[in-house]
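Okay, handing you the structure first.
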Amino acid sequence: MSRLLVHVATGPHDPTRVALALLVARSARAAGHEVDLFFAGDGVSCLRPVTIDAATGIGTGPFREHIDALVSGGATFYASGMSSQARGLSADAMGGLPIAMAPPDKLVELAFAADRVLTY
């Protein structure tokens, strides 16, 4: 199957857009595609456990449901280390998600390795 990179730069101020990104990633994973998610900028704030538990998109579903399905489905999660640091987030503060902190060059690497890239 193909490899999809979903780049999430939108923060929790637009939960519908973020939930759409998660729903699309989840749908691709359910269809058997390899899925990487890279959260950067305000998008890293969506990885706070309180946000994951509370946020729901209009017509696109709850963050928690999508994230749990992506984790159990084997999707790979990355967060911009620079964006996370600027917002006071560490991997430990992200509720035990299997997430790797990564520099910008990792995003570039993932983009060139993917068959398709979607940015939300």
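Quick check: from the Cα gyration tensor, does region 7-120 come out rounded (a/c under 1.5), prolate or oblate? Please report the intermediate quantities before stating the final value.
On the way: a/c = 1.43, a/b = 1.02, b/c = 1.41.
In terms of gyration-tensor shape, rounded.
Between A100 and A86, what is 0.36 nm times their sequence separation minus the Cα-Cα distance? Round to one decimal in nm. All intermediate terms of the calculation are to be shown ahead of the outcome.
Numbers: separation 14, 0.36 × 14 = 5.04 nm, distance 1.62 nm.
Length gained between A100 and A86: 3.4 nm.
Further question: Just to confirm, what accessible area per residue do you get for region 64-115 at 1.4 Å probe, in whole Å²? Write down the numbers at each step before the final one.
Details: 2750 Å² over 52 residues.
On a per-residue basis, 53 Å².
Then there is this: State the extension gain, in nm to one decimal, for the chain segment bounded by S27 and A113, taking 0.36 nm per residue of separation less the distance between their alpha-carbons. Mind dumping the intermediate values first?
Values: separation 86, 0.36 × 86 = 30.96 nm, distance 1.98 nm.
Gain on stretching S27 to A113: 29.0 nm.
Run the accessible area of the chain with a 1.4 Å probe and give the carbon-and-sulfur part as a rounded percent. Could you put the intermediate results ahead of the total?
Numbers: 3160 of 5700 Å².
With neighbouring chains kept in place, the figure for the chain is 55 percent.
By per-residue mean of other Cβ atoms within 10 Å, what is the highest-first order of 34-44, 73-83?
Working: 34-44: 22.2, 73-83: 18.8.
Ranked from most to least packed, the peptides come out as 34-44, 73-83.
With the contact rule set at Cα under 8 Å and sequence spacing of 6 or more, what percent relative contact order holds for the chain? Provide the component values of the computation, followed by the final result.
Working: 227 pairs, mean separation 42.4, N = 120.
That works out to 35 percent.
Only bridges whose two residues both fall in region 28-120 count here: according to DSSP, what percent of them are antiparallel, nearest 5?
Values: 2 of 10 bridges.
Here the share of antiparallel DSSP bridges comes out near 20 percent.
The values are calculated or read from the model by the stated rules, or taken from the named source; none is laboratory data. If you're wondering where the values come from, they're calculated on a predicted model, not measured in any experiment. Note that we place each Cβ from the backbone using ideal geometry, even for glycine, and neighbour counts take in every protein chain shown. For accessibility, only protein heavy atoms count, side chains too; no ligands or nucleic acids. Shrake-Rupley method; radii C 1.70, N 1.55, O 1.52, S 1.80 Å.
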